[in-house]
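Encoded as structure tokens, the structure appears first; notes follow it.
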Amino acid sequence: MKILLHTCCAPCLMAPYKHLSQEHELTLFWYNPNIQPYREYLRRLRAFREYTRRIGARVIEDLSYPLEEWLYKASILSKKSNVLRCKFCYADRLFRTALKARELGMDAFSTTLLLAPYQKHELVKELGFSIAKKVGVKFHYEDMRRWFDESEDMARKAGIYRQGYCGCIFSEADRYWRDKLDF
Ligand code: SF4
């Protein structure tokens, strides 16, 4: 099957690519306007480029970065709940991936967001299937969490940059700021 695999970052790509490419023809899709600040975005993009060149993967990059619009929407939702904010963030990336898959005549789309246990797995899965229906391209679901430790290990061995937080400034604050500083 020809799959357009949305890739959130290089470390989360490694084991999924290794396993999925044994059965499917993968094209990787970079679209991650949720990564802040911009220097961090560039750092993760460079890691993605470095690794995909190393393995000779087919890649498509969408480098859209609508910072004001993204932060405006995410801030409103974040005040209500983190789940709503992440739902918007997942849906934005999955929808763009599904549209690209349809444009390219792919059989299906999927995402490496299904790898990390700290992502809202059921929400990503649910959104994947509902967006597939709307766009008319199959969503290829895999419970990639079984490959998480392997992927982490591969990233460590490959010397690829591994980030410390999910992506947006809210997740950065959750990781490094809230309840952690003692002034
Ligand atoms: S925590 Fe992660 S998934 Fe949730 S909004 Fe931020 S970048 Fe997106």
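For region 150-179, enumerate the residues that are within 17 Å of Cys86 (Cα to Cα) and aromatic (Phe, Trp, Tyr). Answer for region 150-179, where residues must be within 17 Å of Cys86 (Cα to Cα) and aromatic (Phe, Trp, Tyr): Tyr165, Phe170. Summed over region 11-29, residues that are of a type in the set (D, E, K, R) and either at positive phi or in contact with a helix residue (DSSP H, G or I) (Cβ under 9 Å, 6 or more places away or on another chain) (or both) total 1. Residues in region 11-45 that are over 21 Å from Cys89 (Cα atoms), surrounded by fewer than 14 Cβ atoms within 10 Å (Cβ to Cβ) and in contact (Cβ under 8 Å) with a residue 12 or more places away in the chain: Glu23, Glu25. Checking Phe148, Phe48, Phe139 one by one, the residue that is farther than 21 Å from Pro11 by Cα and surrounded by 14 or more Cβ atoms within 10 Å (Cβ to Cβ) is Phe139 and no other. In this structure, is Thr97 surrounded by 17 or more Cβ atoms within 10 Å (Cβ to Cβ), at pLDDT 95 or above, touching a His at 6+ places or on another chain (Cβ under 8 Å) and at negative phi? Judged against the criteria, Thr97 is a match. Counting only helices (runs of 4 or more DSSP H) that sit completely within region 101-183, those holding 1 or more residues that are free of Cβ contacts under 8 Å to residues at least 40 places away in the same chain, away from the ligand (no atom under 15 Å from the Cβ) and more than 21 Å from Trp30 (Cα to Cα) correspond to 121-135, 148-158. Within region 59-86, the set of residues being more than 16 Å from the chain's Cα centre (by Cα) and either among the small types (Gly, Ala, Ser) or in a strand (DSSP E or B) (or both) comprises Ala74, Ser75, Ser78, Ser81. Pairs meeting the criteria (first residue in region 72-86 and within 8 Å of the ligand (Cβ to nearest atom) and at pLDDT 95 or above, second residue not small (Gly, Ala, Ser) and not in a helix (DSSP H, G or I), beta carbons under 7 Å, at least 6 apart or on different chains) are Ala74/Cys168; Cys86/Lys120. Per this entry, Cys89 is not counted among residues that are surrounded by 14 or more Cβ atoms within 10 Å (Cβ to Cβ), assigned to a loop (DSSP other than H, G, I, E, B) and on the phi < 0 side of the Ramachandran plot.
The values are calculated or read from the model by the stated rules, or taken from the named source; none is laboratory data. Because the structure is a prediction, the values reported are computed rather than measured. Positions of Cβ are generated from backbone atoms using ideal geometry, with glycine treated the same way; all protein chains shown enter the neighbour counts.
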